[in-house]
Amino acid sequence: MSTSTLLADDDEAPPRWKQRFHLNMSGSSGNTRDFELNTGWRARKETERHRHRLDASYLYGEAENVRTKTAATAGALNDWLVPDATWFAFAKLRYDFDDFKAWTHRANSHAGLGEQLLKTENAEILGRLGLGASKQWEPTDDLQPEGLLGLDGEWSINEQQSFIASSYLYPYLDDWPEYRLISNAEYNIQLDQARGINMHAGIEHEYESSVGTETRNWDLRYYAGISISF
């Protein structure tokens, strides 16, 4: 996900990629010793006809010197814009790796139409409706047709603070009413505008209604860290 610093447009300059690197770390010691590291990259570019978003991240965690989490994700989202219209077409790709879930690898692709539900000087909400499929493998090997119903929201609270959130529902087309739901929210505060240094905190939640009996069907993660935008 990106921040208002990342998303802000410069009308006097040609469109360019606006990027952000982030680093989140947490740890504790005492009766137990825990450590978690999350690093990632996000980029966005918008022209009159296109809105491009790219992201990638890696997460590692351990407790008492035992690995408890290894996960990675990478994604791309492209919107085809129509000048002077609120609707647009989109295509979305994502790959996930997680060796502590019922699956080890998951790839999904969706496409459809979107609508700009709200647009003000400081806020924007986009709605999306589409179709696609996801594939999981190792140890499972499933191809799942899916729908997509999503919302993306951005709010520039002031010149230093911003808030972004998204929620995507993927209903299983051949196994209704099973579904998965992925939601994110992040607050960002600008510490040094000249150097592009920001502090952020957020939450990520993923729910799958149908998983194996030995695996819980939800993941919830809180994070905080520092990012550099340029």
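The values are calculated or read from the model by the stated rules, or taken from the named source; none is laboratory data. Since the structure is predicted, the reported quantities are computational estimates derived from the model, not experimental observations. As a convention, Cβ positions derive from the backbone with ideal geometry for all residues, glycine included, and neighbour counts pool all protein chains shown. Just the protein is used for accessible areas: all its heavy atoms, side chains included, with ligands, DNA and RNA removed. Shrake-Rupley method; radii C 1.70, N 1.55, O 1.52, S 1.80 Å.
Below are the figures for this structure:
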item: With all protein chains modelled, accessible area of L173 [1.4 Å, Å²]; result: 100 Å²
item: Per residue solvent-accessible surface (Å²) - the stretch 21-128, probe of 1.4 Å; result: 54 Å²
item: Choice from S109, S183, S209 with maximal GNM fluctuation in the chain (Cα, 10 Å cutoff); result: S209
item: For the chain, alpha-carbon Rg relative to the globular expectation (2.2 N^0.38 Å, N residues); result: 1.07
item: Neighbour-limited loop hits for GluC sites (Glu not before Pro), the stretch 121-159 (at most 16 other Cβ within 10 Å; DSSP other than H, G, I, E, B); result: E121, E159
item: The chain, accessible surface, carbon-and-sulfur percent (1.4 angstrom probe); result: 57 percent
item: Lys/Arg +1, Asp/Glu -1 at C-beta; the stretch 176-230 dipole; positive extreme among A201, P177, N217; result: A201
item: Loop sites in the stretch 17-110: GluC sites (Glu not before Pro), DSSP, at most 13 other Cβ within 10 Å; result: E48, E64
item: Candidates T39, T70, T120, ranked by Gaussian network fluctuation over the chain, Cα under 10 Å, top entry; result: T120
item: The stretch 152-209, accessible area per residue, ligands and nucleic acids excluded (1.4 Å, Å²); result: 53 Å²
item: Accessible area of R42 in the full protein assembly, 1.4 Å probe (Å², nearest 10); result: 20 Å²
item: Most mobile of A72, A107, A85 in a GNM of the chain (Cα contacts under 10 Å); result: A85
